[in-house]
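Take a look at the structure set out below.
Throughout, read-outs are computed from the coordinates displayed, never taken from laboratory work. It should be emphasised that the depicted structure is a prediction, and the values quoted were computed from it without experimental measurement.
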Amino acid sequence: MPEHLRAGYRLLKNAGYLPPELEARKEYLRLADLLIATENNAEREKLERDLRRLELILGQRFSELPVAVRQRVLHGRQTSGPA
């Protein structure tokens, strides 16, 4: 992570906040878990739409991140669902 961002990220982390890209990834994983668990077709369609929208947002943000941060995001949490 670039030196000039470390102090800011450390303050945010200590205050319980995540950087926007990690917060979006957390939301993506939450939606993916809900999609796996739901049996309601209407809810499933809504979750799929939300996931596709978030994939577009994450893809755009993800491509703008430094390589070191991308690797942290990708390997930050092991999950059995899509990531």
* Asked: What shape does region 1-43 take by its C-alpha gyration tensor, where a ≥ b ≥ c are the square roots of the eigenvalues and a/c under 1.5 counts as rounded, a/b above b/c as prolate, and the rest as oblate?
  -> prolate
* **Residue-by-residue Karplus 3J(HN,Hα) for region 33-38, coefficients 6.51, -1.76, 1.60, Hz, glycine and proline x** => 5, 4, 4, 5, 7, 7
